[in-house]
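Below is one structure, written out as structure tokens; the observations come after it.
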Amino acid sequence: MPRGRALASALAARGVPPLAGLEWHDSLVSTSDRVKALARDGAPAWTAVLADEQTGGRGREGRRWTSPPGGLYLSVLLRPAFVAVGLLPLAAGVAAAEAAGEFGVRAELKWPNDVLAGGRKLAGVLAEAASGPRGVEWVSLGIGVNVRLSAAALPAELRGSVAALEEGGRSPTVASVAATVLAQLGLWYDAVSSDPASVVAAWRARALPWWGEPIEIRIGGETLRARLRALDADGALVIETPDGRARRVVSGEVLGVRRAG
Ligand code: BTN
């Protein structure tokens, strides 16, 4: 069955409403670039773009997302009318982690939305948005999941630090992973609108157990030592700096736990 049809029927089998639009390309520079172009052309919410490979896949903070065949490269156009838009990237991380669980892989979340399995990166989320006079006009949620990995297709420096869904032993197809991620994303999208606190709670329940631990965090160009204290209602991270003050972080990256020394 063609992969687009396989995805549509897997969604229907789960009782998920059909996507407003679906493109599945053999190769694209970036599915998120394509979704942004569609957004500007007025495409409807829940238009999804997938590619078998990306030649210029983008990660957070200007990083590259290596995208050889065998991975899920999915971007979804959303046009949220609710206030808690800032929770969408966390919701996408929860959706990806839940999807991993369905394929036998226990995933954990690292703020803001890294999806890890056994400490290795399994999936990532890139959220990009445009606002107009009436607020947020659209959000592109780009989700990359390592489904099957060929070490030869990865740069040497990534080989020890990435995980793949095939490790769960269920040999999933990319279309089945896409359907599972989209189904969970639909549920959590509704939750962002109707019960944002449940999204924060779900994210926390899957977070790495680093609360209270000494960590290093990069905020802009600055790397700080701090302790992780909480995730607030808006999805911001609350850290305690060495002088004992609480600081709220809306954008940045937790680099890791700082071991003794
Ligand atoms: C990260 O963890 O840095 C985020 C990675 C996001 C990768 C996905 S793959 C589909 C979409 N298209 C892109 O170019 N990036 C996102």
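Quick look at the numbers
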| quantity | calculated |
| --- | --- |
| Extreme residue, positive dipole direction of the chain, given options Gly169, Val83, Thr47 (C-beta unit charges) | Gly169 |
| Helix runs (DSSP H) in the chain reaching 24 Å along axis by Cα, Kyte-Doolittle at least 0.5 | 174-194 |
| Within the accessible area of the chain (1.4 Å probe), percent carbon and sulfur | 52 |
| For the chain, accessible area per residue (1.4 Å probe, heavy atoms of protein chains only), Å² | 45 |
| Relative contact order for the range 50-122, counting Cα pairs under 8 Å that sit 6 or more residues apart, in percent | 19 |
| For the range 1-43: rounded, prolate or oblate by the Cα gyration tensor [a/c cutoff 1.5] | oblate |
| Most fluctuating residue given options Asp243, Asp234, Asp26, as computed from a GNM of the chain linking Cα atoms under 10 Å | Asp243 |
| Computed over the chain: relative contact order in percent, which uses C-alpha pairs under 8 Å that are six or more apart | 17 |
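The values are calculated or read from the model by the stated rules, or taken from the named source; none is laboratory data. Everything numeric here is computed off the predicted structure, so don't read it as measured data. Positions of Cβ are backbone-derived with ideal geometry, glycine not excepted, and every protein chain shown enters the neighbour counts. With ligands, DNA and RNA removed, areas are computed over all heavy atoms of the protein, side chains included. Shrake-Rupley method; radii C 1.70, N 1.55, O 1.52, S 1.80 Å.
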